[in-house]
Amino acid sequence: MAQSAALPGNADLYLHVRVLIGIILGLSVTRLVSGIAAIVQHPKRYQIWPVHLGWVAWALVNVVTFWWWEFRLSLIPHWTFSLYFFVCVYASMYFFLSALLFPQDLEEYTGYQDYFLSRRRWFFSFAALTEALDVVDTWIKGDAHLQSFGPEYLTSVGIFIMLCGVASITRNVKFQMLFVIGALAYEISFFARYFHTLN
């Protein structure tokens, strides 16, 4: 099995790094789940918006799957501080996305639609950056790992980043809805096809 390829010393080092990654992702999940719980507890406090909830689901799927497939980092034979720093920054992107989806309060806004559209440039900039960092992360795991996804992976990332650029500009509700539906459906499909197992 692929997991056994890691050297014992390297595995110990990876576990050391994994602790910090786990803390960052744990904070992200907490922010997202707490936000969802607040909506359930007080559904009339702020007007909800399906597009916002769609991106919450997208972010939650990404955080959970990120933690799952980052186990492959244990196969990296040599760790450096720059690699460690990169992984921490990459994981932190999910916390930024989570914080943008659920701010401390919405007193200045009429609801989640008003808030999300007013902060769409920030959200989609971080979403695009996260996808770009994912390419680097995939490459770090080895050329063979990157090539195993074929041209679909890089093409889909490029399309996603381009659509993030459009979404950051337009307030068109129909486009925003179609984008989040497509992004969430593709994310689930990609994970099911490529990462259902780590073997």
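Data for the structure
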{"read-out": "Residue list for region 160-199, filter: open to solvent by 50 Å² or more (accessible area, probe 1.4 Å), small (Gly, Ala, Ser) and modelled with pLDDT of 95 or more", "value": "185"}
{"read-out": "Of all residues in region 55-86 being among the small types (Gly, Ala, Ser) and modelled with pLDDT of 85 or more, the one that is farthest from residue 133 (Cα to Cα)", "value": "57"}
{"read-out": "Pairs, first free of Cβ contacts under 8 Å to residues at least 12 places away in the same chain in region 122-149, second of a type in the set (Phe, Trp, Tyr) and open to solvent by 30 Å² or more (accessible area, probe 1.4 Å), C-beta under 6 Å, six or more apart", "value": "146/139"}
{"read-out": "Qualifying residue in region 138-147 (condition: aliphatic (A, V, I, L, M), at pLDDT below 95 and open to solvent by 40 Å² or more (accessible area, probe 1.4 Å))", "value": "yes"}
{"read-out": "From the options 167, 144, residue that is under 22 Å from residue 50 (Cβ atoms) and in a helix (DSSP H, G or I)", "value": "167"}
{"read-out": "Residue within region 94-108 that is within 25 Å of residue 26 (Cα to Cα) and small (Gly, Ala, Ser) present", "value": "yes"}
{"read-out": "Qualifying residue in region 87-95 (condition: part of a loop (DSSP other than H, G, I, E, B) and modelled with pLDDT under 90)", "value": "no"}
{"read-out": "Residue match in region 105-117 (condition: open to solvent by 10 Å² or more (accessible area, probe 1.4 Å), closer than 20 Å to residue 21 by Cβ, of a type outside the set (S, T, N, Q) and in a helix (DSSP H, G or I))", "value": "no"}
{"read-out": "Pair list, Cβ under 6 Å, 6 or more apart: region 18-47 residue among the aromatic types (Phe, Trp, Tyr) and open to solvent by 80 Å² or more (accessible area, probe 1.4 Å), other residue assigned to a helix (DSSP H, G or I) and modelled with pLDDT under 95", "value": "none"}
{"read-out": "Condition broken by residue 157, with the remaining ones in (1) under 21 Å from residue 97 (Cβ atoms); (2) open to solvent by less than 80 Å² (accessible area, probe 1.4 Å); (3) touching a residue at least 40 places away in the same chain (Cβ under 8 Å) satisfied", "value": "(3)"}
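The values are calculated or read from the model by the stated rules, or taken from the named source; none is laboratory data. Since this is a predicted model, take the numbers as computed values, not measurements. Cβ atoms come from the backbone with ideal geometry, glycine included; neighbour counts cover every protein chain shown. Side chains included, ligands, DNA and RNA excluded: accessible areas come from the protein's heavy atoms. Shrake-Rupley method; radii C 1.70, N 1.55, O 1.52, S 1.80 Å.
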